[in-house]
Amino acid sequence: MSIWWLRLSYIILMGLRNFLTPLLMLAVLLAPFLVFGQALRQDHPNSSVFRDYRASDGPQLIRPSDVTYQLWEALMLMRRANGGDPVAQEELGFRYFLGKGFPADTAKAAYWIEKAADQNMPIAQYNMGVFLNNGWGIPWNPFKAYERFKSAAEDSLPEGEFAFGLFYTDNLVVHRDLETAYKWLKLAEDAKYEPAKKIIDEFIKRGLLAHTDSSRTKDAKRDSSLGVSNQPIEPLYLDYGPDTSSNVSDLTLLNEAYKEGSAKFRKALGVTNLFEKGAENDTTAIGVIEAAASVGSPEALAVLGRCYEKGTGVPRDRILAAEQYLRAARMDSRHGLALLLRLVREKGFIKKVAERTKAGDYDAAFVWAGLTELGLDHQLLDDQAFHLLLTAADHDNIPSLIELGRCYYTGQWTPRNPALGARCWERAAEDGSRDAEIRLAAAAVISDSAASDAALADTIEILSDGVGDGSMIAQLALGFCYEHGVGVRRDTPMAVKLYRDCAQRGSESAYNALLAMYNKLRPKEKIFDVSNG
């Protein structure tokens, strides 16, 4: 063999090696799959190398994980928001508010929603109004909220029309004007915004509107639902004067007690009309109502009074009914005085009160003293009425002890002496009265007389528990604590909420405290002048 042929053979072999080596490696790698394919080919009935086999859905796309997708979506949303897109800014604000894709942060939520609102996006204008009106992530400012709601209303957003209309109901931001309120609420109702319909129905039931039609009035009275509003904006019904209506329905009393009661109260009361036939034997409901009344819930006191008046779940006793109505009236109940007046007008009622008092009935003595103070009976002089309270209190009649304490604190019928008033409430608290315990706690925080930080903490706990159980006095006192930072961190929005809830229930003291807070921020523009309201 020639040298030339040997050289040529060497070159060809070297070339084949370079070409075949990758193929051999690939064969080694594929060998297991080829064996697996052979097995499948033998097992598949119609297969000679998968002759008729097809994957059901073809190649499967790999879906990114939810976390990856959310991060990408959040990044793109942030980029659009930073680029000035108001829709993205509004969405980003909501996500910060809800903690969806971002850590929950109300300050950042308010920042981005304000960005969108500043570009006149109606939904953002409304949402910014809610943030300002509640002090969420931004300083509380109901006057700026008014401007935001006004803009949303003028853009025909039903929620904006609703909120803007409500500002004309309470004489806090702008002068009270129920005609203007009705105009905007009606626009929201016409747009099928259900909360507006409920407010208009409530206006009609309270006789706050001159223009009503009989069908709407009938429908409003027929509404029998027991429920709690979850709207971020609610009106204040400024009907603090004596309620002269003697036709307060059982269902109205139950509705109000249900709305202001604790979760336990609502669960026990449910949606049953306690005064319907058969329901009067519900001892659980009666027990919960009595417990709420003992805390000082004016709504529960009114219901308990009706129970005594009708003999529902308790023995029928008009004197004990009057006692509950009188206590409810003392707690700023909207209906306590009206219900008491109805009893007083019944033939022989005053005579019965006097007879039972002279027979040593200390509940009757409490009622007679109260009727004297209210000017509903003129048989006794003030000194005689005060003596009745002293005598009943000496015999540990709890309502009389609480009322006597109030007299000493306010100077009613006697020189003002808070120390004696506190002693009366201490005696009642020792006998198990939570109402008296709450009054002592309220007096301690308002007078700043808590002995130590530990005592102050206990006092705040008593008030907080009282609020949860429906005490109006606890609600008012805790509002004071949050307004002034007594025992808690100063929190203006929380103070506003507590005062507003308390005023909504009928407390004129809470309303005045709320008005004072508004006046500290009140702008000088004429539209915000409510001095003649």
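No value in this document is a laboratory result; all are computed from the given coordinates. If you're wondering where the values come from, they're calculated on a predicted model, not measured in any experiment. Quick reminder, even Gly has a Cβ in these numbers, built from the backbone with ideal geometry, and neighbours come from all protein chains shown.
General remarks:
- Legend: residue pairs LYS259/LYS520; LYS310/LYS347; LYS183/LYS205; LYS186/LYS526, Cα-Cα distance threshold 28 Å; pairs beyond threshold, LYS259/LYS520.
- Neighbourhood charge, 13 Å Cβ-Cβ cut-off, centred on ALA354 and excluding it, Lys, Arg +1 and Asp, Glu -1: +1
- For region 86-222, alpha-carbon Rg over 2.2 N^0.38 Å: 1.16
- For region 482-533, diffusion coefficient by Stokes-Einstein and Kirkwood Rh (Cα), 10 °C, 1.306 mPa s, µm²/s: 133 µm²/s
- Distribution of pairwise C-alpha distances over region 445-496, 10 Å bins, in %: 28, 59, 13
- For region 81-159, the set of trypsin sites (Lys or Arg not before Pro) satisfying both a DSSP loop assignment and a count of at most 10 other C-beta atoms within 10 Å is empty.
- Calculated P(r) tail over 13 Å for region 83-148, as whole % of Cα pairs: 56 percent
- Peptides 343-355, 474-486 ordered by average Cβ neighbours within 10 Å, highest first: 474-486, 343-355
- FRET efficiency, 1/(1 + (r/R0)^6) with R0 60 Å, evaluated for GLU525 and LYS310 via beta carbons: 0.70
- Most tightly packed first, judged by the mean number of other beta-carbon atoms within 10 Å of their residues, the peptides 397-405, 380-388, 194-202 read 397-405, 194-202, 380-388.
- Filtered trypsin sites (Lys or Arg not before Pro), region 439-509: DSSP coil and at most 16 other beta carbons within 10 Å: ARG489, ARG490
- Estimated D of region 361-432 in µm² per second, where Rh is the Kirkwood radius over Cα pairs and Stokes-Einstein applies at 4 °C, 1.567 mPa s: 109 µm²/s
- Equivalent ellipsoid dimensions for region 302-385 as semi-axes, Å, which come from the Cα gyration tensor, largest first: 19, 15, 11
- Taking Lys and Arg as +1 and Asp and Glu as -1, the other residues whose beta-carbon sits under 13 Å from that of ARG79 total -2.
- Each peptide in 156-162, 175-181 was scored by the mean count of other Cβ atoms within 10 Å over its residues; highest first, the order is 156-162, 175-181.
- Neighbours of MET128, meaning other residues whose beta-carbon lies under 10 angstrom from its beta-carbon, give a summed charge of -1 when Lys and Arg score +1 and Asp and Glu score -1.
- For region 434-533, radius of gyration divided by Kirkwood radius, i.e. Rg to Rh on alpha-carbons: 1.04
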